[in-house]
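What follows is a short report on a single structure.
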Amino acid sequence: MKNAFSDDLVNRRKFLFDSGRLVVMLSSFSLLAGACTSNDAGENRLADLVIEQGKIVLDLNESRYRALNTIGSGLKIEITRQAKPLIVTRVSETRIAAFSSQCTHAGYEVLLPEQGILACSSGHGGAFDLEGRVVNGPARSNLPSYETQLIDNRVHIAYSFR
Ligand code: FES
């Protein structure tokens, strides 16, 4: 004959054991998910980029950067998941500029150049030139820029990784 008390005890033990396993499984999954996220950030962004001596290097012979061979053109380069992308523009035969795409007025993203002007996506009217300097308010400050060098059709950008 079955004992209701001992059955209840067995069920409780089984429930606690299963709950414990579930907690362990969920913790393991979240640790794994966290590792993937941080790994992805590195692989999808930084591993994609060539870094030499702490600088981002874009080889303009590569098809993904070829737009920068045309004066007046620009590209957006994603550096991390968190930050808005970097804008890189071809200013002249010898000059490439690199600056933040985050508008200095209210933080909206700045669009790629059209006829030498980069409009802010906010619709507030802000606009910048190919060097990221304000040409139309309400933005009052230039876009934060990074030093660049163009050597043998490769752009070296002194981006500050934090
Ligand atoms: S956020 Fe760019 S002009 Fe307002």
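The values are calculated or read from the model by the stated rules, or taken from the named source; none is laboratory data. Given the structure is predicted, the values throughout are model-derived calculations rather than measurements. Don't worry about glycine lacking a Cβ; one is built from the backbone with ideal geometry, like all the others, and counts go over all protein chains shown.
Listed values, structure above:
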item: Of all residues making up segment 68-101, the number that are surrounded by fewer than 15 Cβ atoms within 10 Å (Cβ to Cβ), of a type in the set (S, T, N, Q) and more than 14 Å from Phe161 (Cβ to Cβ); result: 4
item: Residue match in segment 49-70 (condition: under 14 Å from Ile157 (Cα atoms), assigned to a loop (DSSP other than H, G, I, E, B), under 16 Å from the mean Cα position of the chain (by Cα) and at pLDDT 90 or above); result: no
item: Members of segment 107-162 found to be within 12 Å of the ligand (Cβ to nearest atom) and either acidic (Asp, Glu) or not assigned by TED's automatic domain parsing to the domain that holds Ile79 (or both), listed by number; result: Glu109
item: Matching residues in segment 83-96 - criterion: being assigned to a loop (DSSP other than H, G, I, E, B) and within 16 Å of Val110 (Cα to Cα); result: Ala83, Lys84, Pro85
